[in-house]
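The values are calculated or read from the model by the stated rules, or taken from the named source; none is laboratory data. The shown structure was predicted, so the numbers you read here are calculated from the model rather than taken from an experiment. In this analysis, Cβ positions are derived from the backbone assuming ideal geometry, glycine residues included, and neighbour counts consider all displayed protein chains. When the accessible area is computed, the model is the full protein with side chains, heavy atoms only, and any ligands, DNA or RNA have been set aside. Shrake-Rupley method; radii C 1.70, N 1.55, O 1.52, S 1.80 Å.
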Amino acid sequence: MASTRAGPAELGFAEAAPAWRLRSEQFPSKLYAPLPGRADAFHRALFLFCCRAPPCCAGLRVFRNQLPRKNDFYSYEPPSESPPPETGESVCLQLKSGAHLCRVCGCLGPKTCSRCHKAHYCSKEHQTLDWKLGHKQACTQSDNLDNTVPDHNFLFPEFEIVIETEDEITPEVVETDESEITGSMGEAPEEELDSMAKHESREDKIFQKFKTKIATEPEQILRYGRGIAPIWISGENIPQEKDIPDCPCGARRLFEFQVMPQLLNYLKADRLGRSVDWGVLAIFTCVESCRQGTGYTEEFVWKQDVTDTP
């Protein structure tokens, strides 16, 4: 977590740039979003988690954590912008102190390989997976174990989120040939035709607005703008004010950022034989950004899918 106060623009988009591999299979996004003028939110981050398994792929949870500039975890002064000198030594991936972490997912790893006693795991399942996909050979070379990044080909890849300010663009005018729409309706009843035409027209307008808004940067994976209105990809399942629950502190929640469907391409979830899918993920956070100690406060995420209706 950075020590500088420079936060994201009030309205912006984000693109993904390759960085390093993520150590959690259920952690698609982290956003560093400090609040200007709030001493107690000098460090503020939002963490989005999801379940990848098809039976519960709608399981989405978002957590907020914030700290003042002076705290027990991070330096008061920002880190140096100059890169550290090259020492020629390989980077050790195993913590020298503190809790041991699972080599597969990065969670607490109380279990240990009975042969080398250096590889730690959260469960028997992850130990078995790691054994099949490389640890069986690496186990006998325990001297290099701490410096080897295991690639199990099922973890979410990790990317750096680059924030840029969005430029306003002029919406395009879309002309619709009514004769084509009427000709495709056949001999449907007049009431049904009217209902379908109205629904299609509304869907077209909403989806066109979505495409126009992201036209300058179609590869963006995240849009940030605390307190603004999200852009929806469909006219279906748009939340009303009553659908957004208040924060446990009693304050209402407001929109802060949304995750775009393009992120799915970067996560490469399809290679796992499992599916995670969404049209838009809209994250709503406490308007007061309340403090609840040094822990994590759960916020609210609304999932909108892409409608099947043309």
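Could you look through segment 235-252, keep only residues that are touching a Phe, Trp or Tyr at 6+ places or on another chain (Cβ under 7 Å) and open to solvent by less than 30 Å² (accessible area, probe 1.4 Å), and pick out the one that is farthest from Trp278 (Cα to Cα)?
Here is the first cut: in segment 235-252, the residues touching a Phe, Trp or Tyr at 6+ places or on another chain (Cβ under 7 Å) are 238-239, 244-245.
Retained after the next criterion (residues that are open to solvent by less than 30 Å² (accessible area, probe 1.4 Å)): 239, 244.
On the way: Pro239: 15, Ile244: 18 Å.
Checking each candidate, the answer is Ile244.
Return the residue satisfying two criteria in turn: it lies in segment 51-70 and is at pLDDT 90 or above and part of a loop (DSSP other than H, G, I, E, B), and of such residues it is most open to solvent (accessible area, probe 1.4 Å).
This residue is Lys70.
Please state which one of Ile221, Ile233, Ile238 is touching a helix residue (DSSP H, G or I) at 6+ places or on another chain (Cβ under 6 Å) and under 18 Å from Leu60 (Cα atoms).
None of the other options fit; the residue is Ile221.
Do you know which of the residues in segment 267-289 that are of a type outside the set (A, V, I, L, M) and surrounded by fewer than 17 Cβ atoms within 10 Å (Cβ to Cβ) is modelled with the highest pLDDT? Outline the logic, then answer.
Applying the first criterion (of a type outside the set (A, V, I, L, M)) to segment 267-289 yields 268, 270-271, 273-275, 277-279, 284-286, 288-289.
Filter again for surrounded by fewer than 17 Cβ atoms within 10 Å (Cβ to Cβ), leaving 268, 270-271, 273-275, 277, 288.
Numbers: Lys268: 72, Asp270: 65, Arg271: 59, Gly273: 54, Arg274: 57, Ser275: 63, Asp277: 81, Glu288: 95.
Looking at residues that are of a type outside the set (A, V, I, L, M) and surrounded by fewer than 17 Cβ atoms within 10 Å (Cβ to Cβ), I get Glu288.
Looking only at segment 109-124, count every residue that is polar (S, T, N, Q) and either surrounded by 14 or more Cβ atoms within 10 Å (Cβ to Cβ) or more than 17 Å from Gln141 (Cβ to Cβ) (or both) and tell me the total.
Matching residues across segment 109-124 total 2.
Any idea which of (1) surrounded by 15 or more Cβ atoms within 10 Å (Cβ to Cβ); (2) at pLDDT below 80 is the one Ser97 doesn't satisfy?
(1) is the only condition that Ser97 fails.
Restricting the search to segment 207-247, which residues are among the aromatic types (Phe, Trp, Tyr) and assigned to a helix (DSSP H, G or I)? Reasoning before the result, please.
Of the residues in segment 207-247, the ones among the aromatic types (Phe, Trp, Tyr) are 207, 210, 224, 232.
Answer for segment 207-247, where residues must be among the aromatic types (Phe, Trp, Tyr) and assigned to a helix (DSSP H, G or I): Phe207, Phe210.
Check Ile163 against each of (1) buried (at least 16 other Cβ atoms within 10 Å of the Cβ); (2) closer than 30 Å to Glu219 by Cα; (3) at pLDDT 80 or above and name the one condition it does not meet.
Looking at each condition in turn, Ile163 falls short on (3).
Consider only pairs whose beta carbons are under 9 Å apart and that are at least six residues apart or on different chains; among these, list those whose first residue lies in segment 220-247 and is farther than 18 Å from Lys209 by Cα and whose second residue is surrounded by fewer than 17 Cβ atoms within 10 Å (Cβ to Cβ) and small (Gly, Ala, Ser).
Within 9 Å, no pair qualifies.
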